[in-house]
Amino acid sequence: MSTVTAGSPDAATEPTREQEARRRRTVVWVVALATLGLVFDGYDLVVYGTVVPLFLADPGQIGQVTPPVAGALGSYALFGVLVGALLAGSVADIVGRRKVMLTAYAWFSIGMGATALMNSVGGFGLLRFLTGMGVGALVATTGALVAEYAPAGKKNLANAITYSGVPIGSLLAALMAILLLGQIGWRGMFWIGALPLVTLLPLAFFLMPESPSWLASRGRLAEARRVSERTGVPIVVTSSSAPGNGTAPARRERAGFAGLFGRQYLFPTLVLGLMSATGLILVYVLNTWLPELMGRAGYSTQGSLSFLLVLNGGAVVAALVASRLADRFGPKMVVVGSFLMGAIALALLTVDAPLALLLFFVAVVGAGTSGTQILIYGFVANYYRTNVRSAGVAWCAGFGRLGGVAGPLVGGLLVAAGLALESIFYVLTGLAAFGALLTLLVPVARRAVPVRTVLVEPSLAAQPSAGR
């Protein structure tokens, strides 16, 4: 891949020290803001699981809640995620990642605050669905933006850092429930989830830039150059966005879902969607029902919530380590190994072991479930070409949320059926092994060919900024 200046397409050059410094600052801001957004996504994922035991025990909260009803309430949010992700994925490849992400921050923040005001099962379920739409839109676009800003050789790492925000948020939800649930109640827990409206959204409005590569893929080369000047991030011009006359793409390949389900990507798209669905069944069964399952095993409320801390802590650490391996050796076999590690650890949860060893097994389960899902998002975000990338991540997050929708329901049905803990964990072991098998079926990506990387000339560079 050659490197040229925007003003002289035939003259090779290397980025200046100033451009590299500007790019590093931009990448730090993009990854930090994107990660913070997904921290609140993870908080939303687990906060409901932390209050399920309260709803089951006290009909005075929102009405009578049985295990099947609790599972259904958990699934409403995930169905909303599915709808929001699929809608946003198509829109983000057309109108841009930045606009969709800002809208998503506002949407799910307002939804969390409104949920805290509900007094009925029906109202609570409706608001969970609507809030989920905002979460889905965020998950669908974050990976695409980060993949387009991350430097080559560190794309899986950047996505792993970003998507580790989900288990970090899950961990924080469990920790806050342990410390604060008794004082602020379930409504206070949901009000915390509304904080991005007054914290993250203003920051992202001023500091979250649009992707210059996406702008170039839409033929908006002048805008792409201006963003590149501000951020120091080069414009990667591929065969699908290479300018023919200097002002517009010579050829436009189908964008969004039209390109995603074209001949090149149809089979891997179906397999990747099934992979994500399998992984998310595991994630949502465990994050929704693990406190209740461990409570039935004899642990106290705070003790059972502690298992959520260990589960999501293991996911964060393992995903960051595994992402380095994915950048070096490719993500496919790393995801396979992560699924298999989760399967083995789930089976080991059936063993009568000391508490310390049991906590270790739970941490490995987190690495092999939530940690695997982090790796899958990075895998998908870097699998597709630019003008279908957001649709690809949206498909992974959206279709995959069918597994998320099924997760709480499956957990509720297994609990309601009175199955032993060992039997429930064996069912989950089989699902993890199935995920590894699906991953093996994913073909090698056939990428759009990068024909050059456009760098702005030093004399045209604006003052360092990560803004719009």
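Each reported figure results from applying straightforward, stated rules to the coordinates on display, with no laboratory input. Since the model is a prediction, treat every value here as computed from it, not as a measurement. We place every Cβ from the backbone using ideal geometry, glycine too, and count neighbours over all the protein chains shown.
Taking every alpha-carbon pair under 8 Å whose residues sit at least 6 apart, the chain reaches a relative contact order of 28 percent. Against the longest principal axis of the chain, how steep is helix 301-329, in degrees 0 to 90 to the nearest 10, with axes from Cα atoms? With both axes taken from Cα atoms, the answer is about 30 degrees. Of all lysines in the structure, the ones whose alpha carbon falls short of 21 Å from that of Lys332, not counting any fewer than 8 places away in one chain, are Lys154, Lys155.
In the chain, the DSSP beta bridges split such that about 60 percent are antiparallel, to the nearest 5. Taking the Cα centre of the chain as origin and assigning +1 to Lys and Arg Cβ atoms and -1 to Asp and Glu Cβ atoms, the resulting dipole is close to 1360 debye. Taking the chain as the reference, fit the longest principal axis to its C-alpha atoms, fit the long axis of helix 401-416 to the helix C-alpha atoms, and give the angle between the two in degrees, 0 to 90, nearest 10. Its long axis makes an angle of about 10 degrees.
The equivalent ellipsoid of the chain has semi-axes of 40, 23, 19 Å, largest first, where each one is the square root of 5 times an eigenvalue of the Cα gyration tensor.
To the nearest ten degrees, helix 165-192 and the longest principal axis of the Cα atoms of the chain are 50 degrees apart. When the Cα positions of Gly368, Leu358, Leu293 are compared along the charge dipole of the chain, Gly368 comes out farthest toward the positive end, with charges on each C-beta of Lys, Arg, Asp and Glu.
For the chain, adding -39500 (n - 2.57) for each run of n ≥ 4 DSSP H residues and dividing by the number of residues yields -24500 deg cm²/dmol at 222 nm.
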